[in-house]
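*Asks:* One structure, pasted below without further comment.
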Amino acid sequence: MSYDVVFQNARIVDGTGSPWYRGDVAVTDGRVAAVGWVHDNADTVIDLKANVIAPGFIDIHTHSDFTLPANRTAHSKVRQGVTLEIVGNCGTSAAP
C-alpha cells in the first residue's frame, strides 16, 4: 500500500487515555489510514524525532466568536492543535 504522508518515529497520544506509545501514523486523502509501525511507501515521509502526534483538541470555553472575525486564520489555536471550539457557553456570544 502507498500513503500520501507517513509521520515516523512519533510518540503517539491517541486520545483514549492510554499512555503514549512509539509508532508511525499514515495519512491518505487527509484521513488517518494506519497507526503503528508503517513499512509501506509514502509520497512524503516526515521523521518526528520522538515529538508527540495527537488527535485534534477541543477547547470547551472560548470567546473566539469575538476574535475570529479580526484574525480569520486563528494561528494561535491551530498551532496548538485545537480543531473544535465551543463558544457562548458562559451566556455571552457574538451571535444574536
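Laboratory data are not the source of any read-out in this text; all were calculated from the coordinates shown. These numbers were taken from a predicted model, which means no experiment stands behind them. No Cβ is skipped: glycine too gets one built from the backbone with ideal geometry, and neighbour counts run over all protein chains shown.
*Asks:* Tell me which strands (runs of 3 or more DSSP E) are completely within the stretch 2-96 and hold 3 or more residues being of a type in the set (V, I, T) and without any contact (Cβ under 8 Å) to a residue 60 or more places away in the chain, or say none if there are none.
*Replies:* Numbers: elements: 2-12, 21-28, 31-36, 41-47, 57-62, 82-87.
Those strands (runs of 3 or more DSSP E) span 2-12, 21-28, 41-47, 57-62, 82-87.
*Asks:* Go through the stretch 49-62 and give me each residue that's surrounded by 15 or more Cβ atoms within 10 Å (Cβ to Cβ) and more than 14 Å from the chain's Cα centre (by Cα). Spell out the reasoning first.
*Replies:* Taking the stretch 49-62 first, the residues surrounded by 15 or more Cβ atoms within 10 Å (Cβ to Cβ) are 53, 59, 62.
Residue satisfying the conditions is T62 alone.
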